[in-house]
Amino acid sequence: MENYYQKEIETASREQISAWQNERLVKQVQHVWDNVPYYRQKMEEKGLTPADIQSVDDLKKLPFLTKDDLREAYPYGLLGKPLSECVRIQSTSGTTGKRVVAFYTQHDIDLWEDCCARAIVAAGGTKEDVVHVAYGYGLFTGGPGLNGGSHKVGCLTLPLSSGNTDRQLQFMTDLGSTILCCTPSYAAYLAESIHERGLRDQIKLKAGIFGAEAWSENMRKEIEAGLGIKAYDIYGLTETSGPGVAYECSAQTGMHINEDHFIAEIIDPDTGEVLPEGSKGELVFTAITKQAFPLLRYRTKDICILTREPCSCGRTHVKMSKPMGRSDDMLIIKGVNVFPSQIEQVLLEQGYPANYQIVVDRVNHSDTLEVMVEMTPENFSDSLAKVTSMEKKLVDALKSMLGIYAKVRLVAPKTITRSEGKAVRIIDKRKI
Ligand code: DLL
């Protein structure tokens, strides 16, 4: 018997979902037109007014928003409510150093937490559960989102945040965590640590809710076997609130998108043309209920497929496949979004040339990031002490830009192979 958090919404008829979407879209476009001059101008440039948008069929007339728009409008340019009505921000890295800052009213937080609660209940959660949240807290949306969802379901919530594996395992065994929420790579690492310490008999986990980075069906099997649980996928991005935009049910064949809050489209990433259901392309979201950060037609850069085939769980909302890649060069390292342009910016600021290579790998289920960069003829040195100190300075500057540790390896000028075509800057050795 399937569990639902908001059954009437989650199993509404397609006609009902369309009616909600049409009505909310019209209202949202008016809200944005009235309150977000940045987007209003984009509409005006296309000769549009709110009267042109009468239903979801008209959505394709509206202009797209991209991370570049967020950068240009940073920090308040896309705000749909006065700051005095906002109660929270969350943030993530953006392109070339500017962060994405998303704003929330209390109403927005409430809806976001409902979405996360749906994910927890779909994974079998009830108020009897102990939800162990090992996503990062703070600016990252993972911890706060699942924390709020868990409260709504009435579960005992353990706000562990990420890292400190000893402490994670102590709480997990002493307090009997039943649902684990973290990145899939951390789940795999925890499974290994539990195995190494012979704790398997002492854990009570039954399910896990894992997302924020790509993971394969093989990894799912590995985690499920390692922890003795059922592992569910969850998807979202800071710009659309955070986790809970879409979540898996017992069928584990794609994630249901919360269509009462988001309209999803698949477009050709090169032409912007809307593609028919079942096509592979870039996922675009229109938020129809969020007030403070009401993004219309936001290009996620995630490549996936949508399907409305009936689902055995009874939910009627459209399902998205696992993201199959990105149409930009963003890397997700330890759950943190990293753009090569951010690394390049740090190197240039520190007086290095743009001759570098970024090597990403996965060791013991944890991502590693190494930046190999050439010294200039001017700062070249073969003194180990000097090179170590130069490397440390770069490590610190990269940490402050990216928020994660990157190993730095300085090499002699002209060591990194020059490419005749597009420079090969990224070597991603992870086999996901
Ligand atoms: O990663 C929100 C989140 C937190 C989702 C916890 C799930 C669980 P951002 O840091 O803004 O937000 O990164 C968003 O992460 O565009 C995808 O490329 C990727 N991503 C998120 N969930 C998944 C997933 C959070 N389940 C970016 N599978 C998105 C693959 C995912 N990629």
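The values are calculated or read from the model by the stated rules, or taken from the named source; none is laboratory data. Everything quoted here is computed from the prediction, not taken from an experiment. Cβ coordinates were reconstructed from backbone atoms using ideal geometry, including for glycine residues, and neighbour counts include every protein chain displayed.
What strands (runs of 3 or more DSSP E) completely inside segment 344-432 contain at least 1 residues that are within 20 Å of residue 328 (Cα to Cα)?
Working: elements: 356-363, 366-374, 407-411, 426-428.
Once the strands (runs of 3 or more DSSP E) in segment 344-432 are filtered for at least 1 residues that are within 20 Å of residue 328 (Cα to Cα), what remains is 356-363, 366-374, 426-428.
Check whether at least one residue in segment 415-423 is of a type outside the set (Phe, Trp, Tyr), in contact with a Phe, Trp or Tyr (Cβ under 6 Å, 6 or more places away or on another chain) and not assigned by TED's automatic domain parsing to the domain that holds residue 218, and report yes or no. Spell out how you get there, then give the answer.
Restricting attention to segment 415-423, the residues satisfying the condition of being of a type outside the set (Phe, Trp, Tyr) are 415-423.
Add one more test, that the residue is in contact with a Phe, Trp or Tyr (Cβ under 6 Å, 6 or more places away or on another chain), and what stays is none.
No; the residues of segment 415-423 include none that is of a type outside the set (Phe, Trp, Tyr), in contact with a Phe, Trp or Tyr (Cβ under 6 Å, 6 or more places away or on another chain) and not assigned by TED's automatic domain parsing to the domain that holds residue 218.
Residue 262 passes all but one of (1) in contact with a Phe, Trp or Tyr (Cβ under 8 Å, 6 or more places away or on another chain); (2) aromatic (Phe, Trp, Tyr); (3) touching a residue at least 60 places away in the same chain (Cβ under 8 Å); which number fails?
The single condition residue 262 does not satisfy is (3).
Going residue by residue through segment 291-311, is there one that turns out to be without any contact (Cβ under 8 Å) to a residue 24 or more places away in the chain, assigned by TED's automatic domain parsing to the domain that holds residue 266 and surrounded by fewer than 23 Cβ atoms within 10 Å (Cβ to Cβ)? Step through it out loud before you land on a result.
Taking segment 291-311 as the starting set, the residues that turn out to be without any contact (Cβ under 8 Å) to a residue 24 or more places away in the chain are 309-310.
After this cut, where a residue has to be assigned by TED's automatic domain parsing to the domain that holds residue 266 as well, the list is 309-310.
With surrounded by fewer than 23 Cβ atoms within 10 Å (Cβ to Cβ) added as a condition, the list becomes 309-310.
Checked segment 291-311: at least one residue is without any contact (Cβ under 8 Å) to a residue 24 or more places away in the chain, assigned by TED's automatic domain parsing to the domain that holds residue 266 and surrounded by fewer than 23 Cβ atoms within 10 Å (Cβ to Cβ).
Would you pick out the residues in segment 107-128 that are touching a strand residue (DSSP E or B) at 6+ places or on another chain (Cβ under 7 Å) and either buried (at least 24 other Cβ atoms within 10 Å of the Cβ) or free of Cβ contacts under 8 Å to residues at least 12 places away in the same chain (or both)? Reasoning before the result, please.
Pass one, segment 107-128, residues touching a strand residue (DSSP E or B) at 6+ places or on another chain (Cβ under 7 Å): 109, 112, 115-116, 118-120, 122-125.
If the condition is that a residue be touching a strand residue (DSSP E or B) at 6+ places or on another chain (Cβ under 7 Å) and either buried (at least 24 other Cβ atoms within 10 Å of the Cβ) or free of Cβ contacts under 8 Å to residues at least 12 places away in the same chain (or both), then 112, 115, 116, 118, 119, 120, 122, 123, 125 are the ones that fit.
Mind checking which residues of segment 190-219 are within 16 Å of the ligand (Cβ to nearest atom) and surrounded by fewer than 21 Cβ atoms within 10 Å (Cβ to Cβ)?
Correct list: 213, 214, 216, 217, 218, 219.
Just give me the residues in segment 318-372 being of a type in the set (D, E, K, R), away from the ligand (no atom under 16 Å from the Cβ) and modelled with pLDDT of 90 or more, in sequence order.
To start, the set of residues in segment 318-372 that are of a type in the set (D, E, K, R) comprises 319, 322, 326, 328-329, 334, 344, 349, 361-362, 367, 370.
Remaining after also requiring away from the ligand (no atom under 16 Å from the Cβ): 344, 349, 361, 370.
Within segment 318-372, 349, 361, 370 qualify.
Within the group 327, 389, which residue is closer than 30 Å to residue 265 by Cβ, free of Cβ contacts under 8 Å to residues at least 60 places away in the same chain and polar (S, T, N, Q)? Write out each step before concluding.
Working: 389 fails: closer than 30 Å to residue 265 by Cβ.
Result of the check over 327, 389: 327.
Scan segment 247-267 and give yes if some residue there is within 15 Å of the ligand (Cβ to nearest atom) and on the phi > 0 side of the Ramachandran plot, otherwise no.
The answer is yes; a qualifying residue exists.
Can you find even one residue in segment 191-208 that is hydroxyl-bearing (Ser, Thr, Tyr) and touching a strand residue (DSSP E or B) at 6+ places or on another chain (Cβ under 6 Å)?
Restricting attention to segment 191-208, the residues satisfying the condition of being hydroxyl-bearing (Ser, Thr, Tyr) are 193.
Narrowing the set further to residues that are touching a strand residue (DSSP E or B) at 6+ places or on another chain (Cβ under 6 Å) leaves none.
Checking segment 191-208: not a single residue is hydroxyl-bearing (Ser, Thr, Tyr) and touching a strand residue (DSSP E or B) at 6+ places or on another chain (Cβ under 6 Å).
Does any residue of segment 229-239 turn out to be away from the ligand (no atom under 16 Å from the Cβ) and in contact (Cβ under 8 Å) with a residue 24 or more places away in the chain? Outline the logic, then answer.
So in segment 229-239, the residues away from the ligand (no atom under 16 Å from the Cβ) come out as 229.
When the remaining residues are screened for being in contact (Cβ under 8 Å) with a residue 24 or more places away in the chain, the result is 229.
Scanning segment 229-239 turns up at least one residue that is away from the ligand (no atom under 16 Å from the Cβ) and in contact (Cβ under 8 Å) with a residue 24 or more places away in the chain.
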